Amino acid sequence: MEVFAGALYQKWEVFGASGYLGQSALPVHVGLGSEKGSDVVRLLWPTGVPQDEIRLDGRKTQVVAELDRRGSSCPVLFSWNGKEYEFIADMIGPGVVGHWVAPGERDVPDPTEYLKVPGKSLRPHDGKLSFRFLEPMEETVYLDQVKLLAIDHPARFDVYPNERFASNPPFPEFGVVPTSDAHLPVSAWDDRGNDVLALLARRDRKYVTGFDELPFAGFAKLHWIELDLGEWNPRLPLRLIADGYTDYFTATSMYAAGQAGIKVIAPYVEAQDAHGKWIRVIDDMGFPAGLERTMIADLTGKIPAGTHRIRIVNNLKIYWDAIRIDQTPPQRSVHVTEVPLANASLDFLGFPKEIRLTPASDTKYSYSKRSKTGPYARAAGNYTRYGDVKSLLRAADDRFVIFSSGEGLKLDFDAKSLPALPSGWVRDYFFYADGFEKDMDFYAAHAFTVEPLPKHGLKAYPYEPGAAYPEDPWHTQYELEYNTRQRSGKLPADLQYHYPGSN
């Protein structure tokens, strides 16, 4: 805790330790001399959250509660819809590096993700399709490549990318999943026997929430959703199209849960056989890779013919919004066109206003309301200089655009060459990002420095000797030419939000 009052400056460490019949003193007595209060009280909580309290009156006891904010968030995507930059979702959550999994074990990242952008959410402006891609919180982002695909299809179909957060390789391969006549399960219950079919009937942000939370971020007691699939054709594909979001665990919460003997149990699928016994048929179904989105769970060939009931089991805080059953056969009437990248520039964009829904972890962002300051630190090291970075984003080559809190990309794609739509067809888009991210978390590897840089490959970060980021002339020249913006890691001068139009 630091106190600034006129010309005075004082600093304390407040210990939260306790023992038998005793504990550390929590109140702090601040001598102010002739000052009547503080200009700024700056706190750094054990969770890593920095906080400023402005102009506290020194003539009475002040109680300061920890700021309720998430420590980190994946970079978020906004698209120009003709009126404003509309929030789509966050991205590359599976690309986190250095995440603590178990003693001596780190995660294997999946750096690639396709995210659907509905046609109504992306409108051309002067022949360009425009996006903003930025980091709203406290992670270091290493973005390697972006692409935009136009997905043209008959209006009777919906289309989705074959995406989900898989806990381990093999990771999902790219595919366009066209769906028609997807329908609800016959019935749906939670593990307490509650009927949840109405909650799963449509994507309306009314979630299944009847699980017991654990005192570790992102964890819950083991729970499940049971679905009655009804009659289905074993000669056709069988998929679940699931909408929802994941209230992520952190490296710290995984470590704490591990100390309590609790491990991550990612969603797996059980099927009920003819004798009423539950048999595990899918070990890693996947889960939504961040905030509200659609994921695909392919059950084809994995559910015994004649099976009616399945259940999705996990111990994570996954909020299911809608689940449909789909058996659409493969379609040839889908046309995919890559939209050329026209412009890409890195800049400070500010902190978009966070809009909390219900539950509070269900979050959206407003690009039109951005603060130039916020309660976030940045890792120390060399970041990519501001300006044109188009050449770095054309291919996945480990030449990253590196940025952090409040920074991001202005992206334009040239829509002039897109073909005309046939009669009865519509156009949606898939936005593709290839990159990594690193949390500023005590139990993440090299959390507080930009370096060492990550790289592609199915290896956990940090890498073994001899397998580190390449030092060949091409990559060295990239670092010397582009990563010239150095940050010390010190906290910024102002940790408060100041949104336009607010006091």
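The values are calculated or read from the model by the stated rules, or taken from the named source; none is laboratory data. Just so it is clear, the model here is predicted, and its values are computed rather than measured. Cβ placement follows ideal geometry from the backbone for every residue including glycine, while neighbour counts extend to all protein chains displayed. Calculation scope for accessible area: heavy atoms of the full protein, side chains included, ligands and nucleic acids excluded. Shrake-Rupley method; radii C 1.70, N 1.55, O 1.52, S 1.80 Å.
Residues are listed down the side, and each one gets a yes or a no for (1) touching a Cys at 6+ places or on another chain (Cβ under 6 Å); (2) at pLDDT 90 or above; (3) among the polar types (S, T, N, Q); (4) over 27 Å from R132 (Cα atoms):
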residue: F4; (1), (2), (3), (4): no, yes, no, yes
residue: Y9; (1), (2), (3), (4): no, yes, no, yes
residue: Y20; (1), (2), (3), (4): no, no, no, yes
residue: L44; (1), (2), (3), (4): no, no, no, yes
residue: V49; (1), (2), (3), (4): no, no, no, no
residue: G58; (1), (2), (3), (4): no, yes, no, yes
residue: G71; (1), (2), (3), (4): no, no, no, no
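Look at segment 61-97 and say how many of its residues are among the acidic types (D, E) and exposed (fewer than 12 other Cβ atoms within 10 Å of the Cβ).
Looking only at that region, the number is 2.
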Test result for G31, farther than 30 Å from G435 by Cα, open to solvent by less than 50 Å² (accessible area, probe 1.4 Å) and in a loop (DSSP other than H, G, I, E, B): yes
Residue among E481, E471, E451 that is open to solvent by 60 Å² or more (accessible area, probe 1.4 Å), acidic (D, E) and more than 15 Å from T384 (Cα to Cα): E471
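Which of the following residues is aliphatic (A, V, I, L, M) and touching a His at 6+ places or on another chain (Cβ under 8 Å): I92, I54, I151?
Values: I92 fails: touching a His at 6+ places or on another chain (Cβ under 8 Å); I54 fails: touching a His at 6+ places or on another chain (Cβ under 8 Å).
Selected residue: I151, the only one of I92, I54, I151 that is aliphatic (A, V, I, L, M) and touching a His at 6+ places or on another chain (Cβ under 8 Å).
Condition check: touching a residue at least 24 places away in the same chain (Cβ under 8 Å), surrounded by fewer than 23 Cβ atoms within 10 Å (Cβ to Cβ) and within 27 Å of G258 (Cα to Cα). Does E139 satisfy that? Before you say what the answer is, go through the steps one by one.
Working: touching a residue at least 24 places away in the same chain (Cβ under 8 Å): yes; surrounded by fewer than 23 Cβ atoms within 10 Å (Cβ to Cβ): no; within 27 Å of G258 (Cα to Cα): yes.
So E139 fails the test.
In this structure, is E213 farther than 30 Å from W425 by Cα and within 21 Å of the chain's Cα centre (by Cα)? Full working, then the answer.
Values: farther than 30 Å from W425 by Cα: yes; within 21 Å of the chain's Cα centre (by Cα): yes.
The answer is yes for E213.
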Selection count, segment 73-90, where residues are within 21 Å of F219 (Cα to Cα) and modelled with pLDDT of 95 or more: 1
Counted residues, segment 116-129 - those being open to solvent by less than 10 Å² (accessible area, probe 1.4 Å) and closer than 25 Å to E354 by Cβ: 3
Every residue from segment 300-322 that is within 24 Å of P178 (Cα to Cα), of a type in the set (A, V, I, L, M) and within 21 Å of the chain's Cα centre (by Cα): A322
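Which of the residues belonging to segment 98-114 are outside any loop (DSSP other than H, G, I, E, B) and either open to solvent by 10 Å² or more (accessible area, probe 1.4 Å) or farther than 29 Å from F448 by Cα (or both)? Working first, answer last.
Of all residues in segment 98-114, those outside any loop (DSSP other than H, G, I, E, B) come to 100-102, 105-106, 112-114.
Result: W100, V101, A102, E105, R106, T112, Y114.
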Within segment 142-157, considering residues that are in a strand (DSSP E or B) and out of contact with any Leu (no Cβ under 9 Å at 6 or more places or on another chain), the one surrounded by the fewest Cβ atoms within 10 Å (Cβ to Cβ): P154
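Having 3 or more residues that are open to solvent by 50 Å² or more (accessible area, probe 1.4 Å) and touching a helix residue (DSSP H, G or I) at 6+ places or on another chain (Cβ under 8 Å) is the bar; report the strands (runs of 3 or more DSSP E) wholly within segment 158-263 that clear it.
Working: elements: 158-161, 176-179, 187-190, 219-228, 239-246.
Result: empty, no element qualifies.
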Residue in segment 286-298 that is buried (at least 17 other Cβ atoms within 10 Å of the Cβ), in contact with a helix residue (DSSP H, G or I) (Cβ under 8 Å, 6 or more places away or on another chain) and in contact (Cβ under 8 Å) with a residue 24 or more places away in the chain present: yes
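Mind checking which residues of segment 115-136 are free of Cβ contacts under 8 Å to residues at least 60 places away in the same chain and either touching a His at 6+ places or on another chain (Cβ under 7 Å) or part of a strand (DSSP E or B) (or both)? If you could, list the steps in order and put the result at the bottom.
Our first condition is that a residue be free of Cβ contacts under 8 Å to residues at least 60 places away in the same chain; within segment 115-136, this holds for 120-121, 123, 125-126.
If the condition is that a residue be free of Cβ contacts under 8 Å to residues at least 60 places away in the same chain and either touching a His at 6+ places or on another chain (Cβ under 7 Å) or part of a strand (DSSP E or B) (or both), then H125 is the only one that fits.
Out of G48, G58, G37, which single residue is of a type in the set (G, A, S), within 24 Å of L495 (Cα to Cα), touching an Asp or Glu at 6+ places or on another chain (Cβ under 6 Å) and surrounded by fewer than 21 Cβ atoms within 10 Å (Cβ to Cβ)?
Numbers: G48 fails: touching an Asp or Glu at 6+ places or on another chain (Cβ under 6 Å); G58 fails: touching an Asp or Glu at 6+ places or on another chain (Cβ under 6 Å).
Of the residues listed, the single one that is of a type in the set (G, A, S), within 24 Å of L495 (Cα to Cα), touching an Asp or Glu at 6+ places or on another chain (Cβ under 6 Å) and surrounded by fewer than 21 Cβ atoms within 10 Å (Cβ to Cβ) is G37.
Does segment 429-440 contain at least one residue that is of a type in the set (K, R), surrounded by fewer than 18 Cβ atoms within 10 Å (Cβ to Cβ) and in contact (Cβ under 8 Å) with a residue 40 or more places away in the chain? Working first, answer last.
From segment 429-440, those of a type in the set (K, R) are 438; that's our starting set.
Now restrict to residues that are surrounded by fewer than 18 Cβ atoms within 10 Å (Cβ to Cβ): none.
Taking every residue of segment 429-440 in turn, none turns out to be of a type in the set (K, R), surrounded by fewer than 18 Cβ atoms within 10 Å (Cβ to Cβ) and in contact (Cβ under 8 Å) with a residue 40 or more places away in the chain.
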Long-range neighbours under 9 Å by Cβ, at least six apart or interchain, first residue more than 21 Å from F287 (Cβ to Cβ) within segment 253-267, second outside any helix (DSSP H, G or I) and open to solvent by less than 60 Å² (accessible area, probe 1.4 Å): A260/L214; A260/F216
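Give segment 234-252 a look and list any residue that's in contact (Cβ under 8 Å) with a residue 12 or more places away in the chain and within 13 Å of K302 (Cα to Cα), or say none.
First pass over segment 234-252, keeping only residues in contact (Cβ under 8 Å) with a residue 12 or more places away in the chain: 234, 236-252.
P234, L236, P237, L238, R239, L240 - these are the residues of segment 234-252 that are in contact (Cβ under 8 Å) with a residue 12 or more places away in the chain and within 13 Å of K302 (Cα to Cα).
Could you tell me whether A444 is in contact with a helix residue (DSSP H, G or I) (Cβ under 7 Å, 6 or more places away or on another chain) and farther than 30 Å from D126 by Cα? Can you show your working first?
Values: in contact with a helix residue (DSSP H, G or I) (Cβ under 7 Å, 6 or more places away or on another chain): yes; farther than 30 Å from D126 by Cα: yes.
Yes; evaluated as a whole, the condition is true for this residue.
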Count - residues of segment 187-212 that are hydroxyl-bearing (S, T, Y) and within 14 Å of Y245 (Cβ to Cβ): 2
Selection from segment 375-403 of residues that are assigned to a strand (DSSP E or B) and crowded, with 21+ Cβ neighbours inside 10 Å: G381, Y383, V401, I402, F403
